[in-house]
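J.: There's a structure below that I have some questions on.
The values are calculated or read from the model by the stated rules, or taken from the named source; none is laboratory data. Everything numeric here is computed off the predicted structure, so don't read it as measured data. All Cβ positions, glycine included, derive from the backbone under ideal geometry; neighbour counts span all protein chains shown. Only protein heavy atoms, including side chains, enter the accessible area calculation; ligands, DNA and RNA are left aside. Shrake-Rupley method; radii C 1.70, N 1.55, O 1.52, S 1.80 Å.
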Amino acid sequence: MKKVKVGIVGLGRLGRQHAENLAFRIPGCELTAVCSVIESEVEEVQKQWNIPYGYTSYEEMLENKELDAIFIASPSGFHCDQIKKALAAGFHVFSEKPLGLYLEEALEVQEAVNNHPDQVFMLGFMRRYDRSYMAAKEAIERGEIGEPFMIRCYGLDPASKLDGFLQFARANYSGGLFLDMSIHDFDLARWYLGTEAKETWAIGGAYARPEFDEINDAETGAAMVHFENNTMGIFVAGRNCAHGYHIETEIIGTKGSLRIGTVPEKNQVVIMKEEGVIQECFDGFLERFEQAYQKEAEEFINCIIEQRKPEVTVEDGVKSTELGYACKQSYESKELVKLNEFIAVD
């Protein structure tokens, strides 16, 4: 069977993980080219993994006719332009979230994807491919908790990563707390509740690090969302979690509820000593969602081989981005934002 030849752009923390999966863990895939503006990253990966092609120019990589697909793991601000260029060059495209840093960009990508119906496009909402989140979806569809009417999501990054994040945010790579972090939870809410957001009210602030006020972003924020089918969501996101990386989701239904990740334990080891009972927590998203990142890449490659489209669509990215920006506007204006009015204004 002919393997799908992939070129990846972005070799940072997540990009390096994606590249390793594509090179060694995805059947039917061959990592043929790597691209980064940091030349040493390209040289290191090429040498260690024996990758045929290395580039510091994305446009030059797109000229490589051996490639079948482009995998985008660059900083968020580059996604929109890189997606459009890869599609125009005839490639299948996988992009990490978000589609762009602005709603206008997301809509541009949606148009570009829809103009290339014969090419596979997939967005990196990896939680849909996590075993626990998939099992929760199946339980909901079986009616285990009746009709779901409320979702509660916590997305908390470890305090140990605060300095690194502030450097990232000052370079305008983030897009803000709700777009950068809560967008995964917004996608899950749409997936689990089967509806779109109607209105939202968001609050937040800088509590441990006043630098967040300087970049007009929240260190920790919360949003309450009213959905079109009268269901509701509560979303909490933060950058300063003392005990580690804490991702928790609860779906409440008319006959019960289910929770995912209530205790973010790293493994099944429990240490009992003088200080008390201790369970180690995950240190970051790469560790917590290692299996999901591999699974979503497998799905992308399989869609290309089997000539079908993935379940996660560009429209999922647009709708989650709309909600993220509505929350951002609500946080900044301190007012309730109605999604239909917000979208009309933009």
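J.: May I ask for the net charge around His92, where only other residues with Cβ less than 13 Å from the Cβ of His92 are counted and Lys, Arg are +1 while Asp, Glu are -1? Kindly include the intermediate steps, with their values, before the conclusion.
T.: Values: positive: Lys5, Arg308, Lys309; negative: Asp68, Asp118, Glu299, Glu306.
Combined, the nearby Lys, Arg, Asp and Glu give -1.
J.: Contour minus end-to-end for Met224 and Glu60, with contour as 0.36 nm per residue of separation and end-to-end as the Cα-Cα distance?
T.: Numbers: separation 164, 0.36 × 164 = 59.04 nm, distance 4.48 nm.
My answer for the length gained is 54.6 nm.
J.: May I pose another question? Between Met150 and Asp81, what is the label-point separation in nm under the 7 Å Cα-to-beta-carbon projection?
T.: Placing both labels 7 Å along Cα→Cβ, they lie 4.5 nm apart.
J.: With a 1.4 Å probe and every protein chain left in place, work out the accessible area per residue of the chain in Å², rounded to a whole number.
T.: Values: 15840 Å² over 346 residues.
That works out to 46 Å² per residue.
J.: Quick one: net charge of Glu59's neighbours, Cβ under 15 Å, K/R +1, D/E -1?
T.: Working: positive: Lys65, Lys84, Lys85; negative: Glu60, Glu63, Asp81.
Combined, the nearby Lys, Arg, Asp and Glu give 0.
J.: Just tell me which lysines come within less than 16 Å, Cα to Cα, of Lys255; anything on the same chain fewer than 8 places away is out.
T.: Hits, sequence-local ones excluded: Lys137.
J.: Probe radius 1.4 Å, ligands and nucleic acids ignored: give me the carbon and sulfur share of the accessible area of the chain as a rounded percent. Mind dumping the intermediate values first?
T.: Details: 7800 of 15840 Å².
Accessible surface attributable to carbon and sulfur in the chain totals 49 percent.
J.: I want the local charge near Lys319. Using Cβ-Cβ distances under 9 Å, sum +1 for each Lys or Arg and -1 for each Asp or Glu among the other residues.
T.: Spelling it out: positives minus negatives among the neighbours equals -4.
J.: Let me ask something else. Extension gain Met232-Met272, at 0.36 nm per residue separation less the Cα-Cα distance, in nm?
T.: On the way: separation 40, 0.36 × 40 = 14.40 nm, distance 3.95 nm.
Taking 0.36 nm per residue and subtracting the Cα distance, the gain is 10.4 nm.
J.: Between the helical axis of 39-49 and the dominant principal axis of the chain, each derived from Cα atoms, what acute angle in degrees is found, rounded to the nearest 10?
T.: Roughly 80 degrees between the two axes.
J.: DSSP loop GluC sites (Glu not before Pro) in the stretch 52-118 with at most 15 other Cβ atoms within 10 Å of their Cβ, which ones?
T.: Details: sites: Glu59, Glu60, Glu63, Glu66, Glu96, Glu104, Glu105, Glu108, Glu111; in loops: Glu63, Glu66.
Within the stretch 52-118, the qualifying GluC sites (Glu not before Pro) (loop, at most 15 other Cβ atoms within 10 Å) are Glu63, Glu66.
J.: Which FRET efficiency value, to the nearest 0.05, do you get for Arg209 and Asp283 by plugging their Cβ-Cβ distance into 1/(1 + (r/R0)^6) with R0 = 22 Å?
T.: Rounded to the nearest 0.05, the efficiency is 0.65.
J.: Measure nothing but the geometry: give the 0 to 90° angle between the long axis through the Cα atoms of 183-193 and the longest principal axis through the Cα atoms of the chain, rounded to 10°.
T.: Around 70 degrees separate the two axes.
J.: Lys137 versus Glu335, label points 7 Å from Cα toward the beta carbon: distance in nm?
T.: Output for this residue pair reads 3.7 nm.
J.: For the stretch 262-278 and the stretch 98-135, compute the distance between their C-alpha centroids and round to whole Å.
T.: When both Cα centres are located, 37 Å separates them.
J.: Mind putting a number on the dipole of the chain about its Cα centre? Charges go on the C-beta only, +1 for Lys and Arg and -1 for Asp and Glu, and I need it in Debye to the nearest 20. Show your work: numbers first, answer last.
T.: On the way: 35 positive and 57 negative charges, 155 e Å.
With Lys and Arg at +1 and Asp and Glu at -1, about 740 debye.
J.: Let me ask you something else. Calculate the spin-label point distance for Lys3 paired with Asn50, positioning each point 7 Å from the Cα along the beta-carbon direction, and give it in nanometres.
T.: Label-label distance for Asn50 and Lys3, simple model: 1.0 nm.
J.: Under 25 °C and 0.890 mPa s, how fast does the chain diffuse according to Stokes-Einstein, given a Kirkwood radius computed over C-alpha pairs? Answer in µm²/s, whole number. Numbers along the way, then the final one.
T.: Working: Rh = 21.0 Å.
In µm²/s, the coefficient is 117.
J.: Across the stretch 36-129, how many lysine pairs separated by 8 or more positions, or lying on different chains, have Cα atoms within less than 21 Å?
T.: Working: Lys65/Lys84; Lys65/Lys85; Lys84/Lys97; Lys85/Lys97.
Close lysine pairs found across the stretch 36-129: 4.
J.: Also, I was wondering about something else. Using a simple charge model, +1 on the beta-carbon of Lys and Arg, -1 on the beta-carbon of Asp and Glu, nothing else, what dipole does the stretch 112-205 show about its Cα centre, in debye to the nearest 20?
T.: Numbers: 10 positive and 13 negative charges, 32 e Å.
In debye, rounded to 20, the stretch 112-205 gives about 160.
J.: Would you mind putting 79-91, 251-263 in packing order, based on average other-beta-carbon counts within 10 Å, highest first?
T.: On the way: 79-91: 20.0, 251-263: 15.3.
Going by the mean number of other Cβ atoms within 10 Å, highest first, we get 79-91, 251-263.
J.: Where does helix 131-141 land angle-wise versus the long Cα axis of the chain, in degrees 0 to 90, nearest 10?
T.: Tilt of helix 131-141: around 60 degrees.
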